[in-house]
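Q: The structure under discussion is supplied below as structure tokens; questions concerning it will follow.
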Amino acid sequence: MPGFLILNGPNLNLLGFRQPEVYGRTTLADVEAMCRAHAKEIGVEVEFEQSNHEGALIDAIHGTRGRLDGLILNAGAYTHTSIALMDAISSAEVPAIELHLSNVHARESFRHQSYIARVSVGVICGFGARGYTLAMDAMKSHLDAAS
């Protein structure tokens, strides 16, 4: 059974409370429950991690290498700044999907730059919490096509 890491970056621990007009009222615990239920439906295993610290995110990405089949990453603001996360994804040699709750392309111009997209098989943004299950479906389809 394929295994994915769903990794959330800075400030996502405040999901549901921080700027609900932008990110919605769904909490990170709600997202995790939704993803666990969806994982059973589509026949995958999921692990979850969240950190506000870039190094911890890098360690989590490295931990997927040779152990999991896919990475779904909502790197938050690190998406636009972190060459280190980009390098970690490349080094892990695990397919990645970049995920955002909001449509970053409809927001401030600094959010249009993504280092993560350069090393991802795709990007999902603008669908709120539903984006997580969309990313799971997309990753499963990517892996099925590759095998």
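Quick note: the coordinates plus some simple rules give every number you see, no bench work behind them. The structure displayed is predicted, hence computed values, not measured ones. Using ideal geometry, Cβ is built from the backbone for each residue, glycine included, and neighbour counts are taken over all protein chains shown.
Q: Would you calculate the separation in nanometres between label points at residue 127 and residue 49, each defined as 7 Å from the Cα along the Cα-to-beta-carbon direction?
A: Calculated label separation equals 2.5 nm.
Q: Two decimals, Cα atoms only, Kirkwood Rh: what is Rg/Rh over the stretch 1-76?
A: Details: Rg = 12.9 Å, Rh = 13.0 Å.
Rounded to two decimals, Rg/Rh equals 0.99.
Q: Based on the inverse mean of 1/r over its pairs of different Cα atoms, what is the Kirkwood hydrodynamic radius of the chain, in Å? Present the calculation step by step, with values, prior to reporting the outcome.
A: Details: mean 1/r = 0.0666 Å⁻¹.
Kirkwood hydrodynamic radius for the chain: 15.0 Å.
Q: Can you find, among 19, 42, 53, the residue farthest towards the positive end of the dipole of the stretch 1-134? Put +1 on the C-beta of Lys and Arg, -1 on that of Asp and Glu.
A: Looking along the dipole axis, the top candidate is 19.
Q: Same structure again: Under a point spin-label approximation (7 Å from Cα along Cα-to-Cβ), what is the residue 109-residue 67 distance to one decimal in nm?
A: 4.2
Q: In the chain, which helices (entire DSSP H runs) extend 18 Å or more along their own long axis, judged by Cα positions, while averaging at least -0.5 on the Kyte-Doolittle scale? Each step should come with its number before you reach the end.
A: On the way: long enough: 28-42 (21 Å, 0.13); 130-146 (24 Å, -0.19).
The answer, listed by residue number, is 28-42, 130-146.
Q: What FRET efficiency comes out for the pair residue 13/residue 146, r = Cβ-Cβ distance, R0 = 30 Å, nearest 0.05?
A: Values: r = 33 Å, r/R0 = 1.08.
Rounded to the nearest 0.05, the efficiency is 0.40.
Q: Non-local amide H neighbours of residue 45 (under 5 Å, H modeled in plane, Pro and chain starts lacking H): which ones?
A: Residues meeting the amide H criterion: 3, 4.
Q: For a Förster distance of 22 Å, can you work out the FRET efficiency between the beta-carbons of residue 56 and residue 27, rounded to the nearest 0.05?
A: Values: r = 20 Å, r/R0 = 0.92.
The value I calculate is 0.60.
Q: Between residue 34 and residue 84, what length in nm is gained on full extension when 0.36 nm per residue of separation is reduced by their alpha carbon distance?
A: On the way: separation 50, 0.36 × 50 = 18.00 nm, distance 2.97 nm.
Result for the pair: 15.0 nm of gain on full extension.
Q: Right, next: Considering Cα pairs under 8 angstrom that are at least six residues apart, work out the relative contact order of the chain and quote it in whole percent.
A: Details: 264 pairs, mean separation 38.3, N = 147.
The normalised contact order for the chain reaches 26 percent.
Q: With the Cα gyration tensor of the stretch 43-119 in hand, convert its eigenvalues to equivalent ellipsoid semi-axes via √(5λ) and list them largest first in whole Å. Please report the intermediate quantities before stating the final value.
A: Values: eigenvalues 91, 37, 26 Å².
One finds semi-axes of 21, 14, 11 Å for the stretch 43-119.
Q: So, in Å, what gap is there between the alpha-carbon centers of the stretch 6-44 and the stretch 87-147?
A: Value for the Cα centre distance between the two parts: 15 Å.
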